[in-house]
1. Tell me which of these Leu138 doesn't satisfy, since it passes every other one: (1) farther than 30 Å from Lys91 by Cα; (2) modelled with pLDDT under 90.
2. Consider Ala74 against the criteria (1) surrounded by 14 or more Cβ atoms within 10 Å (Cβ to Cβ); (2) at pLDDT below 85; (3) not in a helix (DSSP H, G or I): it satisfies all of them except one. Which criterion is unmet?
3. Anything in the stretch 136-150 that is open to solvent by 70 Å² or more (accessible area, probe 1.4 Å) and assigned to a helix (DSSP H, G or I)? List them, or say none.
4. If Val93 satisfies all but one of (1) assigned to a helix (DSSP H, G or I); (2) farther than 30 Å from Lys54 by Cα; (3) β-branched (Val, Ile, Thr), what's the number of the condition it fails?
5. Can you give me the number of residues within the stretch 103-135 that are in contact with a helix residue (DSSP H, G or I) (Cβ under 6 Å, 6 or more places away or on another chain) and either outside any helix (DSSP H, G or I) or open to solvent by 100 Å² or more (accessible area, probe 1.4 Å) (or both)?
6. Please go through (1) within 16 Å of Val113 (Cβ to Cβ); (2) open to solvent by 40 Å² or more (accessible area, probe 1.4 Å); (3) modelled with pLDDT of 90 or more for Cys68 and return the number of the only condition it doesn't satisfy.
7. Can you tell me which residues in the stretch 85-102 are at negative phi and loosely packed, with under 11 Cβ neighbours inside 10 Å?
Amino acid sequence: MVNFAEILRTKQGPNFGFLFYACVVFCFVTLAGLSNAAEQDAIDKSSNDLVLEKRVHKLTEELRCLVCQNQTIADSHAGLAIDLKNQVREKVVQGASDQEILDYMVQRYGDFVLYRPPVKQTTWLLWFGPFLLMLLGLLFLTMKIMKRPKQDANVSEAEMLRAAQLLRPDDKRG
């Protein structure tokens, strides 16, 4: 009879390496299965009602993922995005209107959660800041060009002859 405790203690015996690596692979596969189980729970929570899912998808396309920041929560696979999708789904099932759901999200997370934030006093810098920076850059460039000293275009005849000699294609320069 094989004593596994003795094999593990001495790290010797028939196929010890194979058994060790098989245990490691088994652990990794199990952990991978557990991580996919969390995602599967989110998928299982989704309703079979196609109209409800279309409405949830439409709403989640209007909300920004707070982790990714450049994706909607409909496109994101971040944990927080999945939680927000589930919150939207719960609100839809409870009978809340689209505007009520968006207002709820804005109340909790601010205007930043909206993928297209409204133009209002608190978001003016967000909307008009890039144009303001571009105008300031153009103004700065114009002022620099205007302050540049004018170059004198009057060139003496001796300088013109010297330039002509330098530009002449022959090798005799002197």
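The values are calculated or read from the model by the stated rules, or taken from the named source; none is laboratory data. All of these numbers come straight from a predicted model, not from anything done at the bench. Here Cβ is always computed from backbone atoms with ideal geometry, including for glycine, and neighbour counts include all displayed protein chains. Areas reflect the complete protein model, heavy atoms only, side chains present, ligands, DNA and RNA absent. Shrake-Rupley method; radii C 1.70, N 1.55, O 1.52, S 1.80 Å.
1. Of (1) farther than 30 Å from Lys91 by Cα; (2) modelled with pLDDT under 90, only one is false for Leu138: (2).
2. Evaluating Ala74 over (1) surrounded by 14 or more Cβ atoms within 10 Å (Cβ to Cβ); (2) at pLDDT below 85; (3) not in a helix (DSSP H, G or I) leaves (2) as the failure.
3. Those that are open to solvent by 70 Å² or more (accessible area, probe 1.4 Å) and assigned to a helix (DSSP H, G or I): Leu136, Leu138, Leu139, Phe140, Leu141, Thr142, Met143, Lys144, Ile145, Met146, Lys147.
4. Here Val93 clears every test but (2).
5. 2
6. Every listed condition holds for Cys68 apart from (3).
7. Gln94, Ser97, Gln99
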